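Trainee: Let me begin by handing over the structure; questions about it come next.
The values are calculated or read from the model by the stated rules, or taken from the named source; none is laboratory data. Source: prediction; values computed, not measured. Here the Cβ is made from the backbone with ideal geometry for all residues, glycine too, and neighbour counts use every protein chain on show.
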Amino acid sequence: SANKEQVIERWKAAAKDRLGLKLETSELINDLPLFLDDLAEALRSAAGQWPEMSGARKHGRNRMRRGIDIGALSEEMTLVGEIVLELIDEGEMSVPAEEVRQLFQVMGRGVATSVRAYAALRDREIVEQATQHYSFIAHEIRGPLHVARLTVAMLSIEQEPRRQKYFERLDKAIAQAAQLIDDSIVHAHLSGNPRVSAQPVAILELVDIVCAEIEDQAQAKNIAIARDVEALQIEADQRLLLSAVRNLMSNAVKFSSEGGRVTLRARALEDRVLFEVEDACGGMPDDLPSKLFQPFVQENADRSGFGLGLLIVKQAVEAHHGSVRVVNRPNEGCTFVLDLPIRYVDLDGEGNS
C-alpha cells in the first residue's frame, strides 16, 4: 500500500542517518514490511486481539545474524512508531483516533518481540558454542576414565574378597564421575533454548533401548522391570526424549528398594502421549515434589549424586512444549509423568534444523 511505502522510505533514510546502519537496501529493510503488515492486521482485529508479530520476530533474528547491536535494533523498531506518528500529524496517513492507542500498543509489543527474538537467538548461539567446547573437553576426559575403569577391572581379577570391595568402590566412583560429565553436557545444551530436531519416533523401540540400557543396573538390585506400552509414534527429538525417559528409569531403579518393581507405561490421550514411570522408593516427604526439578536436590540425605537428572528431564520435556509432574504414593513409591504433544510444534518459527 502507499502508506507502507511511505513508512519504508522515511525509515530507510532515518535508519541510515540517525542509527548509522550501513547495509544494502534489501538488508536494511529486512523484514520491516512484514512488521507493518502485523500493524495493519492489528488494526483490523478486535481490541485486545494481537497478531503473532512474525515480522518483528524475524527482524530481530536477522539483525542478530548480521551483527547489529541489540540497542540499535530497539531504536530502529521504535523509529517505525515515530515515523507513523509523523505521517499521521502531516495528514499523510489516516488513522481514526480510537485506533491510534491500539496501534502504539501493538508497536510496543513489536519492539519487545523483536528484542526477545534477538536475545533468544544470541543466547542459543552462546550456549551452543559453550556446549561444543564442553563436549570436546568431555570427550578428552572420557578416554582416561574408560582406561581407568578397564585398569580397575583387570586389577580386581583374582583379588581376595577383602580387597575386592575397594576395587568395586573405585569402579563405582569412576562411573559416577563419567555420568556427571555426561549429565553436565546435556544440561548445558538444554539450558539455552535448544534446537529440537523433531522426527517420528516409535515409542516401542525407544522403550526397548531404555530398558536394555538399565538392565544391568536393575539386575544388580534384583528389580523387575515391567512395561505397559502402546504401539505409538510421536514427533520428537529422539536424543532428548531418550535422555528424559532414561533418566527417569535410572532414578526409579536407583531409589527403589532391592527386589522391588519399576513399571514404565506409555499411552495416548487425545493429541498427547503420557509416559509414566512408577517406582518402589517408599514415597517422599510432602514438601519434596515441588523441589525435585531444581538442580542439586536429593530426595534423602543418604542418596548420592548431584541431582542433575530430573532437571535434565524437565528441560528436555519443556523443549518439546510438554510438562513433567510427580505423583507421590506414601509408603509405596512415586510415579513420574511426562506429558508430551504427539506432534511437535515449532513455536519459535525457527524450524527443526
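Trainee: Residues of region 78-128 being of a type in the set (Ser, Thr, Tyr) and in a helix (DSSP H, G or I), which ones? I'd like the intermediate steps shown before the answer.
Mentor: Filtering region 78-128 for residues of a type in the set (Ser, Thr, Tyr) gives 78, 94, 113-114, 118.
Hits for region 78-128 are Thr78, Thr113, Ser114, Tyr118.
Trainee: Condition (residue is touching a residue at least 24 places away in the same chain (Cβ under 8 Å), buried (at least 21 other Cβ atoms within 10 Å of the Cβ), under 17 Å from Glu332 (Cβ atoms) and small (Gly, Ala, Ser)) applied to region 226-238: is it met by at least one residue?
Mentor: Checked against the condition, which is being touching a residue at least 24 places away in the same chain (Cβ under 8 Å), buried (at least 21 other Cβ atoms within 10 Å of the Cβ), under 17 Å from Glu332 (Cβ atoms) and small (Gly, Ala, Ser), region 226-238 yields no hits at all.
Trainee: Looking at region 43-56, is at least one residue in the same structural domain as Val7 (by TED's automatic domain parsing), outside any helix (DSSP H, G or I) and modelled with pLDDT of 80 or more?
Mentor: There is no residue in region 43-56 that is in the same structural domain as Val7 (by TED's automatic domain parsing), outside any helix (DSSP H, G or I) and modelled with pLDDT of 80 or more.
Trainee: Identify all residues within region 308-339 that are within 9 Å of the chain's Cα centre (by Cα) and either surrounded by 21 or more Cβ atoms within 10 Å (Cβ to Cβ) or not acidic (Asp, Glu) (or both); write none if there are none.
Mentor: Once the filter is applied, which keeps residues that are within 9 Å of the chain's Cα centre (by Cα) and either surrounded by 21 or more Cβ atoms within 10 Å (Cβ to Cβ) or not acidic (Asp, Glu) (or both), region 308-339 yields Lys314, Gln315, Ala316, Val317, Ala319, His320, His321.
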